[in-house]
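Just below is one structure, and these are the notes that go with it.
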Amino acid sequence: MEEIILYGLAFFIIAFLYAAVGHGGASGYLALMAIFNFSATEIKPTALILNLMVSCLAFISFYRAKHFKSSMLWPLIITSIPFAYLGSIVPVSESFYKKLLALVLLIAVARMLFLNKSSTTRPAPKWYWLSIAGALIGLVSGMIGMGGGILLSPLLLLMGWSTQQQTAALSAVFIFLNSAAGMVGQVQKGFNLDQSIYIIILFVLSGGWLGAYVGSKKLKADQLKFILASVLIVAATKLFFVN
């Protein structure tokens, strides 16, 4: 029981931190499950389920705070949703899955540590460029078991297409829809879940709700990102070098 409570607290922290920036937390959950030695068959569906819940809470909070920029959403999801579904049913070897996951975790670290937040925005690109980006992000996200926010947010911010708050709102709904598409593929394939999932869900919902509320009220969490980055680095290293 103590072990399950430890799991729950760790997931609570991840959900809080990610929801504060409009993310569902999949890369964090994937990192924790790699560290806690969850089986490969449990990792992807568990991350998707948790991602769905937290991204929904995050979107509601940022939407209520009037940060949602809907005009950019549709070109992205038109291609990302079907490609996320496709990625979720593509057979991937466990070795390749771990290496790809580790790479995405390192992208998440780079995003958190080195991407500067900017309030300067530029006009959004043509719809077809957004659609191409959505397809690529959706495919990779479906293969790994995440919603794609870790890949979408850096693109939007680096290109100056949206502010930090707008990016958070857009990422949240993007993550939710892609996670739903990926979950459809998992349901069709069939999956197993760890028995501790129900306790973890309670902690994640609590952390996600609190993080989304705090994030939409513009609380700075820069001091905490280094802790989260450290967790991701440990998990990525384990995935790269441990069978």
Computed lengthening from Ile132 to Ser206, 0.36 nm per intervening residue step minus Cα-Cα distance: 23.1 nm
For the chain, size of Cβ-based charge dipole, Lys and Arg +1, Asp and Glu -1, in debye: 880 debye
Output ³J(HN,Hα) for region 190-203: one whole-Hz value per residue in order, computed from phi by the Karplus curve 6.51 cos²θ - 1.76 cosθ + 1.60 with θ = phi - 60°, and x for Gly and Pro. x, 7, 10, 10, 5, 5, 7, 4, 5, 5, 4, 4, 4, 5
Over region 3-63, what is the relative contact order in percent, taking alpha-carbon pairs closer than 8 angstrom and at least six residues apart? 40 percent
For semi-axes √(5λ) of the Cα gyration tensor in Å, calculated from these coordinates, the label among (i) 30, 25, 15; (ii) 35, 20, 15; (iii) 25, 21, 16: (iii)
In nm, the gap between the two label points placed 7 Å beyond Cα toward Cβ at Met159 and Ser39 is 4.1 nm
Within the chain, longest stretch clear of exposed trypsin sites (Lys or Arg not before Pro) (DSSP loop, no more than 14 other Cβ within 10 Å): 127-216
Using 0.36 nm times the number of residues separating Leu100 and Tyr63, minus their current alpha carbon distance, what extension gain do you get? 10.1 nm
Take the chain, connect every pair of alpha-carbon atoms lying under 10 Å apart with a spring to form a Gaussian network, then pick out the residue of Thr163, Thr79, Thr41 with the largest mean-square fluctuation. Thr41
For Cα pairs less than 8 Å apart in space and 6+ apart in sequence, what is the mean separation divided by the residue count of region 75-174, i.e. the relative contact order in percent? 44 percent
The chain: calculated mean residue ellipticity at 222 nm from DSSP helix runs of at least 4, using -39500 (n - 2.57): -26000 deg cm²/dmol
Which ordering of Val187, Val204, Val140, Val214 is given by a fewest-first count of other beta-carbon atoms within 10 Å? Val187, Val214, Val140, Val204
Which of Ala26, Ala108, Ala212 fluctuates most in a GNM of the chain (C-alpha springs under 10 Å)? That residue is Ala108
Listing Tyr213, Tyr63, Tyr128 from the residue with the fewest other Cβ atoms within 10 Å to the one with the most, what is the order? Tyr128, Tyr63, Tyr213
His67, His23 arranged by Cβ crowding within 10 Å, fewest neighbours leading: His67, His23
Going by the alpha-carbon gyration tensor, a ≥ b ≥ c the square roots of its eigenvalues, is region 39-100 rounded (a/c under 1.5) or, if a/c is not under 1.5, prolate (a/b greater than b/c) versus oblate? oblate
Region 2-241: relative contact order as a whole-number percent, Cα under 8 Å and 6+ apart: 41 percent
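Read-outs throughout are calculated quantities, based only on the coordinates presented, and are distinct from any laboratory measurement. Keep in mind the model is a prediction, meaning the values are calculated, not measured. All Cβ positions, glycine included, derive from the backbone under ideal geometry; neighbour counts span all protein chains shown.
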